[in-house]
1. Between residue 248 and residue 269, what is the label-to-label distance in nm when each label sits 7 Å out along the Cα-to-Cβ direction?
2. Give me the distance between the Cα centres of segment 167-234 and segment 38-55, rounded to whole Å.
3. Could you order 288, 154 so the one with the most accessible surface comes first? Probe is 1.4 Å.
4. Select from segment 192-262 those trypsin sites (Lys or Arg not before Pro) which occupy a DSSP coil region and have at most 13 other Cβ atoms within 10 Å, ordered by residue number.
5. Placing +1 at every Lys and Arg Cβ and -1 at every Asp and Glu Cβ, with all other atoms neutral, what dipole size does segment 273-368 have around its Cα centre, in debye to the nearest 20?
6. Work through the residues other than residue 171 whose Cβ is under 15 Å from its Cβ and net out their charges, Lys, Arg +1 and Asp, Glu -1.
7. Can you return the aspartates and glutamates within cross-link range of residue 398? Criterion is Cα-Cα under 20 Å, with same-chain partners fewer than 8 residues away left out.
8. So who's got an amide H within less than 5 Å of the one on residue 38, skipping anything under 5 residues away but keeping other chains? H placed 1.01 Å off N, in plane.
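The values are calculated or read from the model by the stated rules, or taken from the named source; none is laboratory data. Quick caveat, the model's predicted, so the values are computed rather than measured. Cβ placement follows ideal geometry from the backbone for every residue including glycine, while neighbour counts extend to all protein chains displayed. Just the protein is used for accessible areas: all its heavy atoms, side chains included, with ligands, DNA and RNA removed. Shrake-Rupley method; radii C 1.70, N 1.55, O 1.52, S 1.80 Å.
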Amino acid sequence: MKKIISFILTMIMLLTCTSISVMASDVQSDTADQDEKMTIGVSVYNLNDAEVREFRNYFENYVGMAFEVEFLYSSSISTAEEEISFINELHERNVKGIISFLSSDLEEVLPVCEEYGMYYVRGSGTISDEMYEKVKDNPYFLGTIGTSVETEKDAAANMAEYFASEDQNNQNHYIIACGGSAIGNEMHRLRTIGILNKLQEAYGLSYEKSVEELVNTQDTEEIETGSDIKITLVPGYPKDHLDEKLAAPLNTGEYNVILSVVSASDFIKVIDAYEEENSTDVLLGSIDCFTEDTYEMFNKKGYNGKERIDYLVGKYGAIVAPSFVAMKNALEGFAEDYREDGSAFRLQQSFWTADSVDEFNKQYVLSIGMYDNTYSVEDMMGVLKSYTPETNFEEFQKFTEK
């Protein structure tokens, strides 16, 4: 049934894209340079990540088809040096815009973009206030689109509260998969802060170190909580063998809840194996994305018929639409019209949340195919100056933050 639904939704999307693409071509003004296909670079942290695949599907199979745009993807990138290398490659191919889904150091990256006259936008992410102040005046930095600092913290705190509120007898013990919180990933840092603060509040804990110190741990660390509640931080990405790092504390038998600021799909098999071997259920909350992988985790039952994941805070495929709109406007000569008081913009979006199979499935249908219910091509045309000359930054902000 899932395959049939996915096939039908895909066919609807493809037919819609075809008709909209024809309409978009008719609306475009007849200028000489429109024969050249627009090309945009996309830098990503892991080509195999479920969220990256979902975003890519939206770009290539919806936006790209409708507007006749080509997207050139990087390999898996984790440092500013690697992103600069990708920018160099794009420059050699005469690409003038890049949408980034990284947490690389903008102070290193943006001067290279400025040298090449290449526009840069953070497609779905958060940067610190300090970093924004340092780079906001670079004319080739369009801005950031994503969840705000408070939204990141609150989403993670709400996830922690969901599990703590059900723990009437204080029997939960937590492993926190904190991703790149210690190596410059601002989103992971904020999420980990949100989780630690909420657990401290919910259980009345007294940490031996400050939360700001704890989020900087680069090795697995059990926190001194001043109580019987156990909390262990496990940093790292999937490429750092996160599954093995998580298996170590889990296999002690002392922990029954995993809260993750990264995708759980890369280590769910570790949990499955532990549950089967020990005949017990491990509770799982994750900040991830509404993807096929998370669909499987919600809908394929785990030990004793229970859900394999209990709580998801997630993005969805179409959430990247505003980053494309910003880049297309810039590449067509309207970058200055979309600066706030001469500085790069900072626009906010929100997460979706699911704590049951039914709630997840309702939102998943919107995420995988019915893009018209989130950010449609018609919506995008309304805030693209090449289609709607009278549109402005205020309209783009409403479109992005709706």
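1. Taking the two extended label points, one gets 2.1 nm.
2. So the separation of the two Cα centres works out to 30 Å.
3. 154, 288
4. 209
5. It comes to approximately 200 debye.
6. Working: positive: 230; negative: 166, 167, 228, 254, 281.
In short, -4.
7. Those aspartates and glutamates meeting the cut-off are 150, 336, 337, 340, 341, 372, 378, 379, 390.
8. Sorted by chain and number, the residues that satisfy this are 70.
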